[in-house]
Amino acid sequence: MPRTANKMPASYPAMLEDIKSRIHAAQIRAALSINRELIELYWDIGKLITARQKNEGWGKSVVECLSADLRNEFPQIAGFSPRNIWRMRSLYLAWTKGIQKLTQAVAELDGENLPLPVAEIPWGHNILLLGKLKSPSKRLWYAIKTKELGWSRSVLVHQIESDLYPRNIRLNCRHQKN
């Protein structure tokens, strides 16, 4: 039944806008929650594979079999190619291996848990950070900025390629001296 404007109370348009705004906010929170769960799942898969490689000698053929079995069991879910499963392992190793050697500037990295900013950015952004940056402190800084500023992948690439991290660090150091 179509609404008629003359029968609506004067406060109706404001209420409608409020409800639409709440719906959009809830959709964004839901999407972020799904993303966080997905990244944590990928972290866990990477952790399981790393442990099995160490303890049972898992190799390429096991990962390929795992990929085929997961894609067969969950055909509607993308993301379980052998390449992506290896990336899951890389995600886990990138935030655990060698983290203990870092300075206090990256104290939130404990080498055992997935850093929260990493879980809160999309998988494609994480893949990009892993591929372009070897330093965990730089990866974390770019992950934090991506989350804070809502960078797209192309903006993230631009910021990395234009060396925003060292420029920002130098700028912050100058401000702290003054």
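The values are calculated or read from the model by the stated rules, or taken from the named source; none is laboratory data. In this text, all values refer to a predicted model and were calculated from it rather than measured experimentally. Here the Cβ positions follow ideal geometry from the backbone for every residue, glycine too, while neighbour counts run over all protein chains shown. The protein model used for the area step is the full one, side chains on, heavy atoms only, and it has no ligands, DNA or RNA in it. Shrake-Rupley method; radii C 1.70, N 1.55, O 1.52, S 1.80 Å.
What the table below lists for this structure:
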{"read-out": "Inter-residue pairs, beta-carbon under 6 Å, first in contact (Cβ under 8 Å) with a residue 40 or more places away in the chain and in region 34-59, second of a type outside the set (D, E, K, R) and open to solvent by 70 Å² or more (accessible area, probe 1.4 Å), 6+ apart", "value": "none"}
{"read-out": "Residue selected from region 32-59 under the condition of a type in the set (Val, Ile, Thr) and under 15 Å from LYS97 (Cα atoms), by the criterion most open to solvent (accessible area, probe 1.4 Å)", "value": "THR50"}
{"read-out": "Residue under evaluation ALA105, criteria (1) at pLDDT below 95; (2) part of a loop (DSSP other than H, G, I, E, B), criterion not met", "value": "(2)"}
{"read-out": "Hey, ILE169 surrounded by fewer than 18 Cβ atoms within 10 Å (Cβ to Cβ), at pLDDT 95 or above and of a type outside the set (Asp, Glu) or not", "value": "no"}
{"read-out": "Test result for ILE127, under 20 Å from GLU37 (Cβ atoms) and either touching a residue at least 12 places away in the same chain (Cβ under 8 Å) or open to solvent by 20 Å² or more (accessible area, probe 1.4 Å) (or both)", "value": "yes"}
{"read-out": "Selection count, region 130-166, where residues are surrounded by fewer than 18 Cβ atoms within 10 Å (Cβ to Cβ), touching a Leu at 6+ places or on another chain (Cβ under 9 Å) and within 17 Å of MET88 (Cβ to Cβ)", "value": "1"}
{"read-out": "Test: residue in region 70-80 that is in contact with a helix residue (DSSP H, G or I) (Cβ under 6 Å, 6 or more places away or on another chain), part of a loop (DSSP other than H, G, I, E, B), open to solvent by less than 70 Å² (accessible area, probe 1.4 Å) and closer than 28 Å to GLU120 by Cβ", "value": "yes"}
